[in-house]
Amino acid sequence: MFSPDDNQFEQTHFESILKLTAENLEKYKADEKRLSDELYTLLETYGAKDVEALSMIDNIQVLYERAQREAARAEKARSKPFFGRIDLIDENHGGEETIYIGKVGINRDITHIEVVDWRAPISNSYYESHLGKIKYSVPNERDFEIDLKKKRTYEIKDDKLASFFDTDVVANDELLNKYLSQNKKAVLGEIIATIQKEQNDIIRQSPYKSMIVQGAAGSGKTTVAMHRISYILYNYEKDFKPVDFYIVGSNRILLNYITSVLPDLDVSGVRQMTMEELFVRLLYEDWNSDRQSIAPLAQASKTFPEAMKRGTLDWFYDLEAFCLAYERSTINTSDVILKSNENVLLEHDVCETLLTSDSIVAFLNENPHMSIQSKINLLNKRVLSRLENEITGKEIQYTADEKKALVRFYRQYFGGKKWKTSIYDIYKDFLSARERRYNTVFPFDESSPDLYDLAALAYIYKRTKEDDPIIEARHVVIDEAQDFGMMAYMSLHYCMRGCTYTIMGDVAQNIHYNHGLNDWTELRDNFLTGEFDSFNLLRKSYRNTVEISHFATDILRHGSFAIYPVEPIIRHGNEVTVAHFEDYEKLITAAADKINEWKKTGYETIAVICRDDATSRTVSDKLSAYTDINDYDAMEFDNGTMVLPITYTKGLEFDCCILMNPDEEAYPASDANVKLLYVAATRALHELVVYHTGTVTPLIGESVPDTVSNTVLEAENSQPNRTHRTTAFIGLPSTTSAKTEASATAPAKQTAGKYKAEPPRRTASYPAMPYRQPPAAPQKIVDHSNKIICQSEYSFGSVPKTDALKQNPKRMAAYPFRSVRRDGNTLILDSINAVLELTPYAASMIRVSYHKAGNTIPEAKCIEHRNTFDKWKFKDTPDTVLLATSALYLRIDKKNGLVTFCDKDKNVLLSEKQPGHVLESTSDRSLCFFDFDNVQKLYAFGASNRDHLPLNRVARYISFGKGRLKAPCVISDKGCGLAISHDSTVLFNSIPTYGAFIALGDAEYFDYYFFTGNSDEELSMKYDWIRSRSKGQ
C-alpha cells in the first residue's frame, strides 16, 4: 500500500533515511580505512618479486578502490538522500507501492531498498509528463505498465526537509525558477532532480543506436549527454564500461567543465579529448609528441582564400578518391601467372593463372574498409594458397629448389608485410593535386598540423597502413558538434567503424561559419543510417532570463539563415545594459566595478567575453589591476572571474557576463558574426551587460523590423530510416527476393553522393558498420523455444576461465576420409572412426555435422528442422571433395575433413583449420577450429538480434545459460554466419594464443549451419529462419 503523504510522515521518513545514510557512510569509511591499512602493510612487508604477495596486493587494491567508490556514493546520499517520490499501482500484481528516488540508491540491507537510483528503469516514471497509466522499459527485457498515482518533488537544505510539491510535471515552472534563480554551483547540484521529459527521453535511449540532438542555447545539451553516459553505464554494465566511451569537445575548458560534472553522476574513467586530440590518438606511432604539436585552425584569408575547403564534405570525397587511385596504383591488378621469369627459372613450360585480374579487382572493391596493407597481406596469402595447390598433387613435378624459389617470389608478390611509405608524404601529394585543381596554396606544416590536417592524416593511416585494427571506443559523445566540419566527421566515421554516436549541438551557434555545420543535412545523411538512429530536438531553454533571451533573439534576427524553434522558460531578471564609454580606460574601470558589485551580490561565476585570444589577454591584464581575475593561461572552468574569447565559452554558462567592446570594426554585419554574438549573449544565467567604446556593432545597435523574421525549421524528433514492414515472410528468402523487399521498403529519401555501400554487400551507407544498429527482422517470429531454458550454467557474454581455453591432449585422432557418397540431399564422408555430413538447406545455407562413426547427432531444440535443398552437385577428386550450389562453393580436404567455404566465384569466406574437428574424450566436449582473419569484424546476436556482442580477440560464452533457449551464432562482416545446433554450453574464442575455435560442452559431435547474406538484414533473417518457425508454417 501507499506510504502516508502528510508532512509529519515525510519529516519522520526523511530523518530515518538521513540516519541510515550517515550509518552507511560511517561503514564505508571504516572499510576504506581498513583496506588502506592492509594495503600499506602488504606493500611494506613484501617485495616486488613475491608473486603470491602481488596477487594479494592486487586483490586488496581492487577492494580498496571499490570501497572508495562506495564511500563517495554514500557521501552524495548523505548530502541529499532523495529528491522525488512516486506512488504507483503495478498492473501485473495489483499492488500499491511507494518509491523514493535519489541521485544514488540507498539500501537498508540486501533485500530492503529505501531509495532507488534515478537511472533505474522504474525511475523513468518520475520523469514522465503525466499521471495515469504509463509504461517503462527494462533494457534487454520488455515493457512494464503501471498506473502512476502521485509524483512528488522534495526541496532539501542543510539536512532539513524544507518543502515538497505534488505535480504531474517533474519540475513545474515555479520550482524550476526557484532552482534557476540560484547561482551556477547550486543549479548544477539540482540537475538530476529537474530533468525534463524531453531531456529524459534522450538520456534513456539505447546505446546501440546513433543520435543527433539539436538543442537551443541553454537547453542542457552537455548535461544531458553526461547523464546519458551515466544511465548507460548503470543499465548496460555488462556491455559498456567507462573505457568504452570517448567524450569529444571543442576546447579544453569545456572538457574540464565536463570533468567536474561526471563524478557527481557516479561516472569515472571516461576519456575526454578535443577532436584534434582524438585524431592524434588515431595516428598511433605516426605521431611524435616531442617533435609535433597541434596548430590552431588555419582560417580563410586573402592569402589562402580556399583554406576552409579542407573542412567540407567535398574535400573528404576528394581525399577518398585520391586514396582509391593511390591503392590501384600500389596494388598490381593484372593476372598473376605461374611461369618462368627472371627470378624463377622452371624446367617445364608452365603457364597457370593463380589469380585473375577480375578476382583481384573484385576483392579490392568488396573490401573498402580494409587498408591497402591488409589487402596486400591477404592477396599475398591468397596467391600463396593457389600456388600451393598448383605445385602439389599435379602432373607436373617441381623440384625442391623450384618450390622454394616460387614461394620466395610469390609470398610478397603484391608487396611487403609492413607499410613503408610515409602518410605525411601521401598527404602532401594529395595537397599538391588539390593546389593544381584550385589554383591556390594549401599550407601544411608536418610539425604542426591543424584539425583538418589531422583528420586527413588519420584517414590516410587507416586507409593505407593499418594492419592490426584496434577497437578504440564503442560509443562517442560529441559536444558542440556544429563547430566541426564534415571532413572531420567523415574521417572519424571511417576510422572508428563499429561505434555509435551521441552528437549534441546547435547550428545557430556555429562559430566556424565557413567550415562548421550550418545545418544538419549532410551529417544526418551520413551518420543516421541505422533503422533506429534518430534526430532529436531540445526546444526549451532553461538558462537565460526572458530579458537576456529577447536580447539574444534580436541579434539572431539579423541573420539570413533558418533557425530551429526555441521555447524559453519564463524567468524574469534585469534588462540587458548596453553602455558606451569615452575611452578604453573608463571601460575597464566600469567593468571592474560591475564585477565587484556582482561578487558582493553572491554570484560565483563571472565571464568577461572578448572577440579573440589577443584581446582577452589584454583585458585580463588590465582588469587584474582592479579586481581578482582567474589565471588566463590555466584555462580551467572555476569559480571567480574568467576572461575568455568567445570560442572558449562554447558549452559553458556563468552567473553573469560582460560582453566587451563589440564595436562595428570587430563585428561587422554578417551571418558569421551574428552566430558569434549569439553565443556570447546566451552564456549568462542572470545578468548580461554590454560595454563598448566607439560605435557598437549594428547587430546590437540597430533593430530589425518586425516584418523581418528568420525561417523556422519545423523539424520533429525522427528516426529517418525506420520502416514498418507488413510483408509476410514465409520460408527462406533468396538473394533476389531480399533485395526486392529492401528496395520496396526503403525510405523515399536516399543518401546522395558517392559515400555509399559497396555493391552488393551492404545496404547501409559506406563504410559498413556491423555493430552499429542491428536490423530488425522483417517478420513476426513465433519462437517455439520461448519457454525452453538453456541448461548451460554460463550466461551469454560471460568470460570463461583460462582452463576452458586449453586443449585436452586426450582426443580422438582424425583419420582420412575414404568413402564419399550422396544420400538423398546429404553428402556423407566416412573414415574409420568418424562421419562428416554436409546438407544444403538453400543455395546460400549448408549444415555441417561431424560425429563418431556409429553415433548419431541428437536433434537440437534451438533449431527448426526444415526441408533440405536438392539443387547442388559434388565432385570427388583424389585429395578433395567439391560441393557447389548456385551461391556457394565448398572444398573438403579428405585428409582431415576440413571445410573451406567460398562464394560462387571461389573467393574464400571462411575456412576450418588445423586441428579441425576435435572430440575430447576425457572432458566430453567438442571443438572446431576456424581461420578468422584479423580484419573481419565478428559478433554474436544477444537475446534480441538488435543486441550485438563483439567477438574480436576475446573469449566469451555465446550460449544463453539459464535464459530462453536460442541457437548461439557468430556473424562476420564478410557476409556470412554460423548458427550452432546445440542446446547446452557453447564457447567462442578468438584469442590467438589458444587458436580461434568454437567449443560445445557435453557433446561428442560438432553441428552447425553456415549461411551467407548480402546485408546485415538478410543475415538476421536467415538466422531467424534457421532457429525458429515462421508464422503460418
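The values are calculated or read from the model by the stated rules, or taken from the named source; none is laboratory data. Because the structure is predicted, anything quoted here is derived from the model rather than measured. FYI the Cβ positions are ideal-geometry reconstructions off the backbone, even for glycines, and counts take in every protein chain you see.
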Any chance residue 994 is over 20 Å from residue 890 (Cβ atoms), touching a residue at least 24 places away in the same chain (Cβ under 8 Å), buried (at least 22 other Cβ atoms within 10 Å of the Cβ) and assigned by TED's automatic domain parsing to the domain that holds residue 869: no
Residue, nearest to residue 205 (Cα to Cα), within region 541-553, restricted to residues that are surrounded by 19 or more Cβ atoms within 10 Å (Cβ to Cβ) and not small (Gly, Ala, Ser): 542
Selected residue [surrounded by fewer than 18 Cβ atoms within 10 Å (Cβ to Cβ), among the basic types (Lys, Arg), on the phi < 0 side of the Ramachandran plot and not in a helix (DSSP H, G or I)] from 403, 428, 418: 418
Given (1) outside any strand (DSSP E or B); (2) more than 30 Å from residue 466 (Cα to Cα), index of the condition residue 851 fails: (1)
Residue pairs meeting the criteria (Cβ under 6 Å; at least 6 apart or on separate chains; first touching a residue at least 40 places away in the same chain (Cβ under 8 Å), in region 822-837; second assigned to a loop (DSSP other than H, G, I, E, B)): 825/868; 825/870; 829/817; 831/815; 831/817; 834/853; 836/897
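Residue by residue, here is whether (1) closer than 17 Å to residue 961 by Cα; (2) modelled with pLDDT of 90 or more; (3) not in a strand (DSSP E or B) holds:
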residue	(1), (2), (3)
978	no, yes, no
987	yes, yes, no
1000	yes, yes, no
1007	no, yes, no
1019	no, yes, yes
1032	no, no, yes
Qualifying strands (runs of 3 or more DSSP E) (wholly inside region 854-918; at least 3 residues being surrounded by fewer than 17 Cβ atoms within 10 Å (Cβ to Cβ)): 873-876
Which numbered condition residue 867 misses (of (1) out of contact with any helix residue (DSSP H, G or I) (no Cβ under 8 Å at 6 or more places or on another chain); (2) in contact (Cβ under 8 Å) with a residue 40 or more places away in the chain; (3) over 20 Å from residue 970 (Cβ atoms)): (2)
Sole residue being of a type in the set (Asp, Glu), in contact with a helix residue (DSSP H, G or I) (Cβ under 8 Å, 6 or more places away or on another chain) and in a helix (DSSP H, G or I), chosen from 70, 15: 70
Criterion: in contact with a strand residue (DSSP E or B) (Cβ under 7 Å, 6 or more places away or on another chain), among the hydrophobic types (A, V, I, L, M, F, W, C) and farther than 26 Å from residue 200 by Cα - qualifying residue of 538, 528, 523, 556: 556
Condition met for residue 392 (polar (S, T, N, Q) and more than 45 Å from the chain's Cα centre (by Cα)): yes
Any hit, region 209-217, residues being more than 23 Å from residue 650 (Cβ to Cβ), modelled with pLDDT of 90 or more and either assigned by TED's automatic domain parsing to the domain that holds residue 519 or not polar (S, T, N, Q) (or both): yes
Residue among 151, 184, 178 that is closer than 26 Å to residue 226 by Cα, touching a strand residue (DSSP E or B) at 6+ places or on another chain (Cβ under 6 Å) and at pLDDT below 85: 184
Search result, residues across region 496-546 that are free of Cβ contacts under 8 Å to residues at least 40 places away in the same chain and under 18 Å from residue 678 (Cβ atoms): 517, 546
Selected residue [under 31 Å from the mean Cα position of the chain (by Cα), modelled with pLDDT under 95 and in a helix (DSSP H, G or I)] from 374, 385: 374
Search result, residues across region 109-148 that are charged (D, E, K, R) and surrounded by fewer than 13 Cβ atoms within 10 Å (Cβ to Cβ): 109, 133, 141, 142, 143, 145
Considering residues of region 869-925 that are basic (Lys, Arg) and touching a Gly at 6+ places or on another chain (Cβ under 9 Å) only, the residue nearest to residue 846 (Cα to Cα): 913
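Before we move on, is residue 667 out of contact with any Gly (no Cβ under 6 Å at 6 or more places or on another chain), among the hydroxyl-bearing types (Ser, Thr, Tyr) and either surrounded by fewer than 22 Cβ atoms within 10 Å (Cβ to Cβ) or more than 22 Å from residue 573 (Cα to Cα) (or both)?
Answer is yes for this residue.
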Given (1) in a helix (DSSP H, G or I); (2) assigned by TED's automatic domain parsing to the domain that holds residue 671, number of the condition residue 548 does not satisfy: (2)
Region 624-651: number of residues that are surrounded by fewer than 22 Cβ atoms within 10 Å (Cβ to Cβ) and assigned to a loop (DSSP other than H, G, I, E, B): 12
Check on residue 1000, within 26 Å of residue 891 (Cα to Cα) and in contact (Cβ under 8 Å) with a residue 40 or more places away in the chain: yes
Selection count, region 832-877, where residues are closer than 29 Å to residue 1015 by Cα and among the β-branched types (Val, Ile, Thr): 5
Hey, residue 606 in a strand (DSSP E or B) and either closer than 30 Å to residue 297 by Cβ or in the same structural domain as residue 253 (by TED's automatic domain parsing) (or both) or not: yes
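Residue-wise test of (1) surrounded by fewer than 18 Cβ atoms within 10 Å (Cβ to Cβ); (2) farther than 25 Å from residue 165 by Cα; (3) modelled with pLDDT under 90.
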| residue | (1), (2), (3) |
| --- | --- |
| 47 | yes, yes, yes |
| 79 | yes, no, yes |
| 90 | yes, no, yes |
| 99 | no, no, no |
Residue match in region 839-850 (condition: free of Cβ contacts under 8 Å to residues at least 40 places away in the same chain and either assigned by TED's automatic domain parsing to the domain that holds residue 1014 or closer than 20 Å to residue 1000 by Cα (or both)): yes
Looking only at region 340-366, and only at residues there that are polar (S, T, N, Q) and free of Cβ contacts under 8 Å to residues at least 60 places away in the same chain, the one that is nearest to residue 422 (Cα to Cα): 357
Single residue of 69, 73 found to be more than 30 Å from residue 145 (Cβ to Cβ), surrounded by fewer than 16 Cβ atoms within 10 Å (Cβ to Cβ) and of a type in the set (Lys, Arg): 69
